[in-house]
Amino acid sequence: MDFAGIRRLILTQFRNHARLELDISSKAVVLFGENGAGKTNILEAISMLGSGRNLRSADLMEMARSGEDGGPFAISALLGLGDETRRIGVGLDLSKEGPRKIARLDGKDANPRQLLDTLRLVWITPQMDRIFAGAQGERRRFIDRITLSFFPELSIQANAYERAIKERQKVLEAPNQDRIWLSALEEQAAINGVAIGCARIEAIAMLQKEIDARVQDVFPKAQLRIEGLVEGSLMNGQTIAQIEVDFAKQLSANRNKDAAAGRCLIGPHRSEIYATHMGNGMDAEKCSTGEQKALLIGIIIAQACCIANGTANSEFGSDFSCFARPNPIILLDEANAHLDVTRREGLAQELLSIRAQTWLTGTDKLLFDAFAQNADFFEIKRPNAAKIV
């Protein structure tokens, strides 16, 4: 393998899998079988090997196998890159302070940054099929997940921004407002909010460059754009320092409105993401369900290519970039279900050409004929049996 892929995966007490072991030898892995057999659970387990939210955004206790023979879960993977191998494991620890995720890398405790430096996870789930027609919050989270996969250091600023906004709201709703503390919180929010805006703009620019450069036309190209207070100022050429000052002033001027609304009404957490089908000029939200899914797949492929090729190079500062060894793993849950034969073949060609490993699920093995001998096929059966075919 010329990429860091999973060569062996072991699940213990995870969801419906008491014990599951898979040995992998290909860059594409197909899990097929009847609904409810636990195919998506395997993808969710792999997503736990990364940092941040998992594929379903589920709580830790939800993922532990229930029943009399259940208990804390453990996920172990052997990663291979040429002759080099690494072992990564995560699990549920039931400490006195409450359930928490623990991680190990080559036998030593690992932090979230080390997980990100080892693997970058990219995924599509059926719940994302109508993301362009859904709430703006879902699209922001989608873009922010992509942005963090390019610039993992941004997680520090993102968390700091969220804390400052939440604390500011508490002070606004208190009987006696501490105006000095409010100003300090607004300055913190402004500094970190502008960092978020910078990274989003750069991430979208990277995606767009990759999308525009694609020769494959099986999946339509999306024209992405972002509209927001901070992002608009950045794209208009204002300096970062001036935008930080202006944003803090606007937060201060908006205190009464935010107090009455019970939430902060301005900032990067209110920015809006849009996509246009470049083939017909139609807004993505007005496209058919099939076309929306095809647009989404095109974006995800572009994301994986950006990571695999190490093309992140932020004009806003090298501190954002972290691609010493980009190793994406793509998780596609039921992505082939509503694709015609031409697009299924196109998807296989795209995935096999990327420096990444892809895991796919579906009910019927025939949906993945385009992979031919270039994939490992596993039939997932109830309760916990995986049969190599």
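The values are calculated or read from the model by the stated rules, or taken from the named source; none is laboratory data. The structure displayed is predicted, hence computed values, not measured ones. Note that we place each Cβ from the backbone using ideal geometry, even for glycine, and neighbour counts take in every protein chain shown. Just so you know, the surface numbers come from the protein's heavy atoms only, side chains and all, with ligands and any DNA or RNA stripped out. Shrake-Rupley method; radii C 1.70, N 1.55, O 1.52, S 1.80 Å.
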Extension gain, LYS166 back to GLU62 (0.36 nm per residue minus Cα-Cα distance, nm): 34.8 nm
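Over segment 184-290, what relative contact order in percent results from Cα pairs under 8 Å that are six or more residues apart?
Details: 100 pairs, mean separation 38.3, N = 107.
Result for segment 184-290 is 36 percent.
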If every Lys and Arg gets +1 and every Asp and Glu gets -1 at its Cβ, then about the Cα centre the chain yields a dipole, in debye to the nearest 20, of 540 debye
In whole Å, largest first, the alpha carbons of the chain cover along the principal axes 65, 56, 37
Quick one: Debye curve from the C-alpha atoms of segment 147-227, no solvent, what's log10 I(q)/I(0) at q = 0.14, 0.17, 0.19, 0.25 Å⁻¹? -0.61, -0.75, -0.84, -1.09
Taking θ as phi - 60°, what are the ³J(HN,Hα) couplings along segment 358-372 by the Karplus curve (6.51, -1.76, 1.60), each to the nearest whole Hz, with x for Gly and Pro? 10, 10, 10, 10, x, 7, 10, 4, 4, 5, 10, 4, 5, 7, 6
Pop a pseudo-label 7 angstrom from the Cα along the beta-carbon direction at both ASP283 and THR342 and give the gap in nm to one decimal. 2.8 nm
Choose one answer from ALA190, ALA28, ALA135: the residue with the largest mean-square fluctuation in a GNM of the chain with alpha-carbon springs under 10 Å. ALA135
Max mean-square fluctuation residue, GNM over the chain, Cα-Cα springs under 10 Å, options SER95, SER252, SER57: SER95
Would you calculate a helix-derived [θ] at 222 nm for the chain, using -39,500 (n - 2.57) for each DSSP H run of n ≥ 4 and dividing by the full residue count, to the nearest 500? -12500 deg cm²/dmol
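What FRET efficiency, computed as 1/(1 + (r/R0)^6) with R0 = 25 Å and r the Cβ-Cβ distance, is obtained for SER353 and PHE377, rounded to the nearest 0.05?
Numbers: r = 20 Å, r/R0 = 0.80.
Computed FRET efficiency for SER353 and PHE377: 0.80.
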Ignoring ligands, DNA and RNA, what accessible area per residue does the chain give at 1.4 Å, in Å²? 45 Å²
The FRET efficiency for ALA205 and ASP69, from their Cβ-Cβ distance with R0 = 45 Å and rounded to 0.05, is 0.30
Given springs between every Cα pair under 10 Å in a Gaussian network model of the chain, which of ARG355, ARG100, ARG139 has the largest fluctuation? ARG100
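At R0 = 25 Å, how high is the FRET efficiency between THR363 and SER25 if r is their beta carbon distance? Nearest 0.05 is fine.
On the way: r = 24 Å, r/R0 = 0.95.
Given R0 = 25 Å and the Cβ-Cβ separation, E is 0.55.
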With a cut-off of 8 Å between alpha carbons and a minimum separation of six or more residues, what is the relative contact order of the chain in percent? 26 percent
Full-stretch length increase - ASN35, ARG141 - with 0.36 nm per residue and alpha-carbon distance subtracted: 35.4 nm
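Give me the extension gain from ASN176 to ARG53: residue separation times 0.36 nm, minus the current Cα-Cα distance, reported in nm with one decimal.
Details: separation 123, 0.36 × 123 = 44.28 nm, distance 3.64 nm.
The ASN176-ARG53 span can extend by a further 40.6 nm.
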With all protein chains present, how much of the accessible area of the chain (probe radius 1.4 Å) comes from carbon and sulfur, to the nearest whole percent? 49 percent
Output ordering of 107-119, 32-44, 151-163 (per-residue mean of other Cβ within 10 Å, highest first) is 32-44, 151-163, 107-119
In Hz, Karplus ³J(HN,Hα) per residue of segment 144-151 (6.51, -1.76, 1.60; θ = phi - 60°; x = Gly, Pro): 5, 5, 5, 4, 5, 5, 8, 10
Cross-link pairs beyond the 21 Å C-alpha cut-off, checked among LYS27/LYS365; LYS39/LYS221; LYS170/LYS249; LYS27/LYS209; LYS293/LYS381; LYS221/LYS293: LYS39/LYS221; LYS27/LYS209; LYS293/LYS381
